[in-house]
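The values are calculated or read from the model by the stated rules, or taken from the named source; none is laboratory data. All of these numbers come straight from a predicted model, not from anything done at the bench. All Cβ positions, even for glycine, are placed from backbone atoms using ideal geometry, and neighbour counts span all protein chains on display.
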Amino acid sequence: MPIRSLCLLLLLLSANLASASLPGARLQAIRSEAFSVCSNLLVYYNPNQDGSDPKHAERYRQDLQQLQQLLTEEQDPVLSTAAADMGRQIAELERQPASEAQLYPNWINPLLEAQTRLDQQAAKRYAAALPGEAQQLDLHRLSLNVERLLLLYETRTFGSLAVYVVSVDDNTFPQLDQQILQGFNELQRQWPQQVNELAKLKRKYDFIRPRLLQHDLDWVPSSAAYYLGQVTDGLAKLDAE
């Protein structure tokens, strides 16, 4: 199981977690897993790189399984339908031969659309849940912004794909980047006992950041998934402590 998935599970099972925050924590986990499914799948099937690393296939399959397990606790038909649609598109994509890579968007675009439907419904449910502490809300917001930036980058490097999860223009990448930097600064201010760990995660973000923002540089889909995945895994670990 990926580190982040294990941390999310521990967060939900923690006896010290206030019952009022359980719905929000579970919905955060659902959103995070759905993003990771799509980002790692895009890396694995990306036609603009030499070869596919099986670790990304393993991760998107594990994340999909974890997503489905989390949804059994929600009993939300909108979330369940969107996740089922994601699963169907992935199953169809996995049946396609590598020689037909130019047809992959026929299944990936509906997958991304289904993930957006799931995220929008989970966001509504999260906003309606009893609020947690400001620190936890800020951590969740930062993690989701990192997930959004990663998915947007993987979509761009893949090519020929629609973008559903956010409205995209020339300012989208720099705006998300500034929100992420602001999120790190805010968490370090609120959480002095974790300032060193947050600084480590920010250094990982800073390392890959130029590749995310300077689109004239060579594409690095696998490296982006690795470093930003470490950031979101680390944030999930902090959330579970």
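Before moving on, here are some points about what is shown:
- Those residues of segment 158-215 which are more than 23 Å from residue 134 (Cβ to Cβ) and acidic (Asp, Glu), in sequence order: 169, 170, 206
A quick yes/no check of all residues on (1) at pLDDT 95 or above; (2) among the aliphatic types (A, V, I, L, M); (3) surrounded by 18 or more Cβ atoms within 10 Å (Cβ to Cβ); (4) under 25 Å from residue 71 (Cβ atoms):
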residue	(1), (2), (3), (4)
112	yes, yes, yes, yes
115	yes, no, yes, yes
124	yes, no, no, yes
127	no, yes, no, yes
130	no, yes, no, yes
139	yes, yes, yes, yes
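- Complete set of residues in segment 146-160 that are among the hydrophobic types (A, V, I, L, M, F, W, C) and in contact (Cβ under 8 Å) with a residue 60 or more places away in the chain: 146, 149, 150, 151, 158
- For segment 33-70, a residue qualifies if it is part of a helix (DSSP H, G or I) and small (Gly, Ala, Ser), and the qualifying residues are 34, 36, 39, 57.
- Some residue of segment 129-150 being farther than 25 Å from residue 22 by Cα and out of contact with any helix residue (DSSP H, G or I) (no Cβ under 6 Å at 6 or more places or on another chain): no
- Qualifying residue in segment 212-232 (condition: farther than 26 Å from residue 58 by Cβ and within 20 Å of the chain's Cα centre (by Cα)): yes
- Number of residues in segment 71-97 that are farther than 23 Å from residue 24 by Cα, of a type in the set (S, T, N, Q) and in a helix (DSSP H, G or I) equals 1.
- Residues of segment 171-210 classified as within 17 Å of residue 136 (Cα to Cα) and basic (Lys, Arg), total: 1
- So residue 162, is it closer than 18 Å to residue 32 by Cα, exposed (fewer than 14 other Cβ atoms within 10 Å of the Cβ) and of a type outside the set (Ser, Thr, Tyr): no
- Selection of helices (runs of 4 or more DSSP H) fully inside segment 133-241 by the criterion of at least 2 residues being closer than 21 Å to residue 120 by Cβ and in contact with a strand residue (DSSP E or B) (Cβ under 9 Å, 6 or more places away or on another chain) returns nothing.
- Any hit, segment 47-59, residues being modelled with pLDDT of 90 or more and in contact with an Asp or Glu (Cβ under 6 Å, 6 or more places away or on another chain): no
- Within segment 182-195, being surrounded by fewer than 16 Cβ atoms within 10 Å (Cβ to Cβ) and either closer than 18 Å to residue 153 by Cβ or under 21 Å from the mean Cα position of the chain (by Cα) (or both) holds for 182, 185.
- Qualifying positions in segment 97-143 - under 19 Å from residue 183 (Cα atoms) and among the aliphatic types (A, V, I, L, M): 123, 127, 134, 137, 139, 142
- Among residues of segment 27-58, those that are of a type in the set (Asp, Glu) and in contact (Cβ under 8 Å) with a residue 60 or more places away in the chain, counted: 1
- Residue match in segment 66-79 (condition: out of contact with any Pro (no Cβ under 6 Å at 6 or more places or on another chain), within 23 Å of residue 153 (Cα to Cα) and not small (Gly, Ala, Ser)): yes
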